[in-house]
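The values are calculated or read from the model by the stated rules, or taken from the named source; none is laboratory data. Everything quoted here is computed from the prediction, not taken from an experiment. Here the Cβ positions follow ideal geometry from the backbone for every residue, glycine too, while neighbour counts run over all protein chains shown.
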C-alpha cells in the first residue's frame, strides 16, 4: 500500500509540473501564448468568432482555416481561392465566414460545413473585407481607390465608394463598418487619400482624416461607440481621430515601426497595434500611453504582426506574422 501511495504521489506531482510547464488546464484549455500551426505559408489575417470560441486565419497558402480558440486545434479549412487570402471576417452570428483574396474575389462560406456559398467578384485583388453589423452586406477594399458594398444574399454589388481622380493609384487596403452600419471607413495607401468616412446608403463622402505630414494609411478601425477612428501608418504611428469632426485626438508613437494593423478593445478603453518590424503594443486610449507589449519569434522578413485583434471579451489578443497565429493573455502579456 505504501509503495502504491508513493507511486500515485509521484504521478500527481509530475502531472502538476506538466500543467505548470505548459499542459492543458483543468478546463481543457491550452496555456497562453497558444500557437496555431497548420498553414504552409505566411498568415496575413485573423479574426475571432463573435462568441470567442473560434479563430479564423487567412494565408498566402490560398486557404483560410478555422481553429478552436481554447485548444488551438484546427477545425477545418476553406479551400477555393487561387490567390493569397489577405483578409478574413466572421458574420455577426458566427455562422458564415468571409474571405478576400488576391484572386480578385471575396467568398462567403458556411462556417459549419466549410462549403462556399457565393463569390463577390471585383476587378482587382482584394485586400480587405468586412461584414455589416446586421450581416446583410459585405464591404471590400481592393488594389485600387474603390471600396465596394455588396448584398450578402445575392452577391450583387450595391455601390462603390470612389476616391477622387487624384487618388487613382491609391489602394483601399483597410475597410470597416460603423457600429450602426450607417457609414463605412476606408484607409488608403496614398498620402492624398489617407482615411475617409462614407455614407453607406448614398456613397457620399462624409469626411476625411488628414493631418499635416501624414503618412500612408495601412489600417483603420472604428471604436465600439462609433465616435473615434483609429488609423495606422508607415511612420511608426497610430492616430486617434474624432469621427464627428475629423480632428486628431492623439498619437500612439512606437519605435519607428510600420503600423500595419490596429484594433479597439470591446470597451473602447484600449488600443492594440501591430507593426511590421516590432512587437504588438497595447495602449491606453485616453492617455496615449503604452501599457503592454506582445512579442513572438516571427521572422521579420514575413512582416511581424500583419494583423492583431482582441477577443470579444477583451481578455485575449490574437496576432499573426509568420506561418502561425498566436493567442496571448492581455493582462499578463503571455
Next on the checklist: Suppose the filter is closer than 18 Å to residue 47 by Cα, touching a strand residue (DSSP E or B) at 6+ places or on another chain (Cβ under 9 Å) and at pLDDT below 90; does residue 275 pass it?
Outcome noted: yes
Next on the checklist: If I ask for residues that are over 18 Å from residue 242 (Cα atoms) and surrounded by 19 or more Cβ atoms within 10 Å (Cβ to Cβ), which ones from the stretch 277-293 would you list?
Outcome noted: 278, 279, 280, 281, 282
Next on the checklist: Suppose we filter the stretch 254-276 for residues that are surrounded by fewer than 17 Cβ atoms within 10 Å (Cβ to Cβ), within 20 Å of the chain's Cα centre (by Cα) and closer than 30 Å to residue 297 by Cβ; how many remain?
Outcome noted: 2
Item to check | Residues within the stretch 179-210 that are crowded, with 21+ Cβ neighbours inside 10 Å and either more than 26 Å from residue 101 (Cα to Cα) or under 17 Å from the mean Cα position of the chain (by Cα) (or both), tallied | outcome: 6
Item to check | Residue list for the stretch 131-153, filter: touching a strand residue (DSSP E or B) at 6+ places or on another chain (Cβ under 8 Å), over 15 Å from residue 86 (Cβ atoms) and assigned to a loop (DSSP other than H, G, I, E, B) | outcome: 132, 133, 135, 136, 145, 152
Item to check | Yes/no for residue 288 being assigned to a strand (DSSP E or B) and either modelled with pLDDT of 95 or more or farther than 17 Å from residue 48 by Cβ (or both) | outcome: no
Checklist outcome for this item: Quick count over the stretch 244-258, residues being modelled with pLDDT under 90 and not in a loop (DSSP other than H, G, I, E, B), is 1
Item to check | Single unsatisfied condition, residue 79 versus (1) within 19 Å of the chain's Cα centre (by Cα); (2) farther than 22 Å from residue 204 by Cα | outcome: (1)
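Yes or no, residue by residue, for (1) over 16 Å from residue 142 (Cα atoms); (2) assigned to a strand (DSSP E or B); (3) at pLDDT below 90:
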| site | (1), (2), (3) |
| --- | --- |
| 181 | yes, no, no |
| 186 | no, yes, no |
| 193 | no, no, yes |
| 196 | no, yes, no |
| 201 | yes, no, no |
| 215 | yes, no, yes |
| 221 | yes, yes, no |
| 224 | yes, no, no |
| 231 | yes, yes, no |
